[in-house]
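Asker: Shown below is the structure under consideration.
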Amino acid sequence: MKTQGLNLFIVDDNKSMVNALKQYLQSRFGVSLKISTFYDGESCLEKVDEDTHIVILDYQMTGKNGIEVLKLIKAINPKTEVIMLSSNNDIVLAIDSFRMGAADYVVKGTSSWRKITQLVNEIITDPIRRMVKEFRVSKFFSIFLLTFAIMAIVVAWALNYLI
């Protein structure tokens, strides 16, 4: 991974909403997220790679719509978690989003940012939940093991590239 935190992209043609959502998420997650913003799908697709972890993607944009961009994101990196964010509450659109690989579909409104925060938190903590479920170990032991593993990777990388 190129950064210490997870890479999150916000893609929406409403610039004030994008900037406000970015500030909101930064205040909630701090340095655990590196947030990049895009105002159309095409510029986002130029930056999507194997280190793109989460994309918050609007459906209605100029150029490619959110479903088209979602398909292309998944083609580039199937592991990227995409949260569709739309003012359109059409159930068919939501189902199509899930079929294309979206992690969730959030309708813009008063509680949408809270829902996005919850979803991002679930994505970040997923490895811990999997360890607790699969290996039946405590949450604290899982956190310790993951922290130890990350530190081992950082030290190994530092020894290999810095020395």
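Asker: May I ask you to order 25-35, 152-162 by the average number of other C-beta atoms within 10 Å around their residues, highest value first?
Answerer: So the peptides 25-35, 152-162, ranked by packing, come out 25-35, 152-162.
Asker: Continuing with the same structure: Per 10 Å bin, what percent of the C-alpha pairs of region 6-125 does each bin hold, from zero upward?
Answerer: The calculated distribution, bin by bin, is 14, 53, 32, 1.
Asker: Hey, what do the phi angles of region 72-81 turn into as Karplus ³J(HN,Hα) couplings, whole Hz, using 6.51/-1.76/1.60 and θ = phi - 60°, x for Gly and Pro?
Answerer: Here the 3J(HN,Hα) series is 5, 4, 5, 5, 6, 9, x, 7, 5, 8 Hz.
Asker: How tilted is helix 15-29 with respect to the longest principal axis of the chain? Cα atoms for both, answer in degrees (0 to 90, nearest 10).
Answerer: Once rounded, the angle reads 20 degrees.
Asker: Still on this structure: State the extension gain, in nm to one decimal, for the chain segment bounded by residue 19 and residue 157, taking 0.36 nm per residue of separation less the distance between their alpha-carbons.
Answerer: On the way: separation 138, 0.36 × 138 = 49.68 nm, distance 3.45 nm.
So the chain would gain 46.2 nm between residue 19 and residue 157.
Asker: Mind giving me the FRET efficiency for residue 50 and residue 98? R0 is 25 Å, r the Cβ-Cβ distance, nearest 0.05 is fine.
Answerer: 0.60
Asker: Among 21, 38, 157, whose Cα sits farthest toward the positive end of the charge dipole of the chain (+1 at Cβ of Lys/Arg, -1 at Cβ of Asp/Glu, about the Cα centre)?
Answerer: 157
Asker: Sticking with this structure for a sec: What ranking of 45, 21 emerges when the number of other C-beta atoms within 10 Å of each C-beta is taken as an exposure proxy, fewest first? Let's see the in-between values first.
Answerer: Values: 45 18, 21 21.
Taking fewest neighbouring Cβ atoms as first place, the list is 45, 21.
Asker: Starting from the amide H of residue 60, placed 1.01 Å from N in the peptide plane, find each other amide H under 5 Å away whose residue is 5 or more places distant or on another chain.
Answerer: Amide H neighbours of residue 60, under 5 Å, 5+ apart: 66, 87.
Each value in this text was obtained by applying a stated rule to the coordinates, not by laboratory testing. Model, not experiment: these values are computed from the prediction. Note that each Cβ is placed from the backbone with ideal geometry, even for glycine, and that neighbours are counted across all protein chains shown.
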